[in-house]
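Here's the structure we're looking at; comments come further down.
The values are calculated or read from the model by the stated rules, or taken from the named source; none is laboratory data. Since this is a predicted model, take the numbers as computed values, not measurements. Note that each Cβ is placed from the backbone with ideal geometry, even for glycine, and that neighbours are counted across all protein chains shown.
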Amino acid sequence: MNIANKITLFRVFLVPIFMIVLYSDINNSQLIAGVIFIFASLTDTLDGYLARSRNLVTNFGKFVDPLADKVLVSAALISLVDLGKIPGWIVVVIIAREFTITGFRILAASDGITIAASSLGKFKTITQLLAIILILFNNFPFGNIPVDMIMLYLALIFTVLSGVDYIYKNIQVLNMKDI
(Lines give C-alpha, C1' and ligand atoms only; values in the text may rest on other atoms or scores of the structure.)
Protein backbone atom coordinates (compact mmCIF):
# COMPACT_ATOMS: atom_id res chain seq x y z
CA MET A 1 0.00 0.00 0.00
CA ASN A 2 1.46 3.34 -1.03
CA ILE A 3 1.76 6.45 1.16
CA ALA A 4 -1.16 8.27 -0.49
CA ASN A 5 -3.52 5.37 0.23
CA LYS A 6 -2.25 5.12 3.81
CA ILE A 7 -3.04 8.79 4.34
CA THR A 8 -6.53 8.25 2.90
CA LEU A 9 -7.11 5.34 5.30
CA PHE A 10 -5.82 7.49 8.14
CA ARG A 11 -8.56 10.02 7.26
CA VAL A 12 -11.15 7.25 7.59
CA PHE A 13 -9.61 6.30 10.96
CA LEU A 14 -9.94 9.92 12.11
CA VAL A 15 -13.74 9.91 11.61
CA PRO A 16 -14.56 7.83 14.72
CA ILE A 17 -11.96 9.77 16.71
CA PHE A 18 -13.62 13.01 15.61
CA MET A 19 -17.00 11.60 16.69
CA ILE A 20 -15.76 10.34 20.06
CA VAL A 21 -14.16 13.68 20.88
CA LEU A 22 -17.17 15.68 19.65
CA TYR A 23 -19.55 13.73 21.91
CA SER A 24 -17.20 13.48 24.88
CA ASP A 25 -17.51 15.42 28.11
CA ILE A 26 -13.98 16.80 27.98
CA ASN A 27 -13.48 20.56 28.11
CA ASN A 28 -13.64 22.22 24.68
CA SER A 29 -14.58 18.93 23.02
CA GLN A 30 -16.25 20.72 20.10
CA LEU A 31 -13.14 22.84 19.45
CA ILE A 32 -10.85 19.81 19.68
CA ALA A 33 -13.15 17.94 17.31
CA GLY A 34 -12.91 20.96 15.00
CA VAL A 35 -9.12 20.71 14.98
CA ILE A 36 -9.35 16.99 14.21
CA PHE A 37 -11.79 17.78 11.40
CA ILE A 38 -9.40 20.37 9.93
CA PHE A 39 -6.50 17.92 10.12
CA ALA A 40 -8.55 15.17 8.49
CA SER A 41 -9.69 17.57 5.76
CA LEU A 42 -6.10 18.60 5.03
CA THR A 43 -5.08 14.97 4.56
CA ASP A 44 -7.29 14.94 1.46
CA THR A 45 -5.10 17.60 -0.15
CA LEU A 46 -1.94 15.81 0.93
CA ASP A 47 -2.90 12.34 -0.31
CA GLY A 48 -4.06 13.77 -3.63
CA TYR A 49 -0.85 15.73 -4.08
CA LEU A 50 1.31 12.71 -3.26
CA ALA A 51 -0.69 10.40 -5.52
CA ARG A 52 -0.40 12.74 -8.50
CA SER A 53 3.17 14.01 -7.98
CA ARG A 54 4.65 10.57 -7.33
CA ASN A 55 2.52 8.70 -9.83
CA LEU A 56 0.83 6.73 -7.03
CA VAL A 57 -2.72 6.90 -8.39
CA THR A 58 -4.43 3.53 -7.86
CA ASN A 59 -7.93 2.15 -8.34
CA PHE A 60 -8.06 1.65 -4.57
CA GLY A 61 -7.28 5.33 -4.05
CA LYS A 62 -9.79 6.43 -6.68
CA PHE A 63 -12.45 4.47 -4.79
CA VAL A 64 -11.52 5.12 -1.15
CA ASP A 65 -10.48 8.79 -1.34
CA PRO A 66 -13.89 10.23 -2.30
CA LEU A 67 -15.57 7.74 0.03
CA ALA A 68 -13.39 8.92 2.93
CA ASP A 69 -14.32 12.53 2.15
CA LYS A 70 -18.02 11.77 2.08
CA VAL A 71 -17.87 9.77 5.32
CA LEU A 72 -16.00 12.59 7.09
CA VAL A 73 -18.34 15.35 5.89
CA SER A 74 -21.50 13.27 6.42
CA ALA A 75 -20.44 12.29 9.95
CA ALA A 76 -19.80 15.92 10.82
CA LEU A 77 -23.04 17.20 9.30
CA ILE A 78 -25.20 14.51 10.89
CA SER A 79 -23.54 15.16 14.25
CA LEU A 80 -24.20 18.88 13.92
CA VAL A 81 -27.88 18.14 13.32
CA ASP A 82 -27.91 15.85 16.36
CA LEU A 83 -26.32 18.59 18.46
CA GLY A 84 -28.97 21.08 17.29
CA LYS A 85 -26.49 23.28 15.44
CA ILE A 86 -27.91 23.03 11.91
CA PRO A 87 -31.23 22.13 10.27
CA GLY A 88 -31.64 18.51 9.25
CA TRP A 89 -33.21 19.30 5.87
CA ILE A 90 -29.97 20.93 4.69
CA VAL A 91 -28.03 17.80 5.54
CA VAL A 92 -30.60 15.63 3.76
CA VAL A 93 -30.17 17.72 0.59
CA ILE A 94 -26.36 17.58 0.83
CA ILE A 95 -26.22 13.83 1.43
CA ALA A 96 -28.86 13.13 -1.24
CA ARG A 97 -26.72 15.02 -3.75
CA GLU A 98 -23.67 12.99 -2.77
CA PHE A 99 -25.54 9.70 -3.24
CA THR A 100 -26.98 10.88 -6.54
CA ILE A 101 -23.68 12.04 -8.04
CA THR A 102 -21.81 8.98 -6.73
CA GLY A 103 -24.41 6.74 -8.38
CA PHE A 104 -24.21 8.83 -11.53
CA ARG A 105 -20.42 8.44 -11.60
CA ILE A 106 -20.71 4.67 -11.10
CA LEU A 107 -23.17 4.49 -13.99
CA ALA A 108 -20.80 6.54 -16.17
CA ALA A 109 -17.83 4.38 -15.18
CA SER A 110 -19.74 1.26 -16.20
CA ASP A 111 -19.72 2.76 -19.72
CA GLY A 112 -16.05 3.72 -19.51
CA ILE A 113 -16.77 7.40 -18.90
CA THR A 114 -14.87 9.30 -16.23
CA ILE A 115 -16.59 12.36 -14.81
CA ALA A 116 -13.96 14.79 -13.59
CA ALA A 117 -14.47 17.17 -10.69
CA SER A 118 -15.79 20.58 -11.72
CA SER A 119 -15.12 24.06 -10.36
CA LEU A 120 -18.59 24.09 -8.81
CA GLY A 121 -17.83 20.75 -7.15
CA LYS A 122 -14.64 22.20 -5.68
CA PHE A 123 -16.53 25.27 -4.40
CA LYS A 124 -19.10 22.89 -2.91
CA THR A 125 -16.40 21.02 -1.02
CA ILE A 126 -14.64 24.17 0.20
CA THR A 127 -17.85 25.82 1.41
CA GLN A 128 -18.99 22.62 3.14
CA LEU A 129 -15.67 22.26 4.95
CA LEU A 130 -15.57 25.93 5.96
CA ALA A 131 -19.17 25.82 7.19
CA ILE A 132 -18.48 22.74 9.32
CA ILE A 133 -15.30 24.25 10.76
CA LEU A 134 -16.97 27.57 11.57
CA ILE A 135 -19.91 25.81 13.22
CA LEU A 136 -17.57 23.58 15.26
CA PHE A 137 -15.66 26.71 16.34
CA ASN A 138 -18.92 28.47 17.30
CA ASN A 139 -18.49 31.01 14.50
CA PHE A 140 -15.10 32.16 15.79
CA PRO A 141 -13.78 34.79 15.05
CA PHE A 142 -16.92 36.41 13.61
CA GLY A 143 -18.97 36.83 16.78
CA ASN A 144 -22.50 38.03 16.06
CA ILE A 145 -22.13 38.03 12.27
CA PRO A 146 -23.50 34.58 11.30
CA VAL A 147 -20.70 33.70 8.86
CA ASP A 148 -21.05 30.02 9.82
CA MET A 149 -24.70 29.94 8.70
CA ILE A 150 -24.00 32.06 5.63
CA MET A 151 -21.30 29.56 4.66
CA LEU A 152 -23.68 26.65 5.32
CA TYR A 153 -26.28 28.15 2.96
CA LEU A 154 -23.58 28.87 0.37
CA ALA A 155 -22.53 25.22 0.70
CA LEU A 156 -26.14 24.19 0.12
CA ILE A 157 -26.36 26.38 -3.00
CA PHE A 158 -23.07 25.04 -4.42
CA THR A 159 -24.13 21.50 -3.53
CA VAL A 160 -27.32 21.78 -5.57
CA LEU A 161 -25.74 23.75 -8.43
CA SER A 162 -22.81 21.35 -8.79
CA GLY A 163 -25.13 18.35 -8.74
CA VAL A 164 -27.28 19.81 -11.49
CA ASP A 165 -24.14 20.81 -13.40
CA TYR A 166 -22.66 17.28 -13.25
CA ILE A 167 -25.86 15.74 -14.56
CA TYR A 168 -26.47 18.43 -17.21
CA LYS A 169 -22.92 18.20 -18.61
CA ASN A 170 -23.02 14.39 -18.63
CA ILE A 171 -26.65 13.70 -19.49
CA GLN A 172 -25.52 11.32 -22.24
CA VAL A 173 -24.75 8.81 -19.48
CA LEU A 174 -28.47 8.50 -18.80
CA ASN A 175 -29.32 8.36 -22.49
CA MET A 176 -27.09 5.29 -22.91
CA LYS A 177 -29.21 3.28 -20.53
CA ASP A 178 -32.65 1.83 -20.93
CA ILE A 179 -34.73 3.91 -18.62
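Side notes on the structure shown:
- Test: residue in segment 127-135 that is out of contact with any Ser or Thr (no Cβ under 8 Å at 6 or more places or on another chain) and either among the acidic types (Asp, Glu) or under 28 Å from residue 175 (Cα atoms) (or both): no
- Among the residues of segment 20-37, not a single one is of a type in the set (A, V, I, L, M), buried (at least 20 other Cβ atoms within 10 Å of the Cβ) and touching a Lys or Arg at 6+ places or on another chain (Cβ under 9 Å).
- Any hit, segment 46-54, residues being of a type outside the set (Ser, Thr, Tyr), modelled with pLDDT of 95 or more and either assigned by TED's automatic domain parsing to the domain that holds residue 155 or assigned to a loop (DSSP other than H, G, I, E, B) (or both): yes
- A search for C-beta distances below 8 Å between a residue of segment 1-20 that is over 10 Å from residue 61 (Cα atoms) and any residue that is outside any helix (DSSP H, G or I) and among the aliphatic types (A, V, I, L, M), counting only pairs 6+ apart in sequence or on different chains, returns 3/56.
- Counted residues, segment 84-126 - those being under 21 Å from residue 37 (Cα atoms) and exposed (fewer than 12 other Cβ atoms within 10 Å of the Cβ): 1
- Tally, over segment 18-45, of residues that are part of a helix (DSSP H, G or I) and either farther than 18 Å from residue 135 by Cα or among the charged types (D, E, K, R) (or both): 3
- Residue 57 being modelled with pLDDT under 95, of a type in the set (A, V, I, L, M) and in a loop (DSSP other than H, G, I, E, B): yes
- Those residues of segment 62-78 which are buried (at least 20 other Cβ atoms within 10 Å of the Cβ) and polar (S, T, N, Q), in sequence order: none
- Condition check for residue 137: surrounded by fewer than 16 Cβ atoms within 10 Å (Cβ to Cβ), modelled with pLDDT of 95 or more and closer than 19 Å to residue 37 by Cβ: no
- Against the conditions (1) under 16 Å from the mean Cα position of the chain (by Cα); (2) among the polar types (S, T, N, Q); (3) over 19 Å from residue 39 (Cα atoms), residue 79 satisfies every one except (3).
- Residues that are in contact (Cβ under 8 Å) with a residue 60 or more places away in the chain and aliphatic (A, V, I, L, M) within segment 121-148 comprise 129, 132, 133, 136, listed in sequence order.
- Look at (1) assigned by TED's automatic domain parsing to the domain that holds residue 157; (2) over 18 Å from the mean Cα position of the chain (by Cα) and you find that residue 98 fails only one, number (2).
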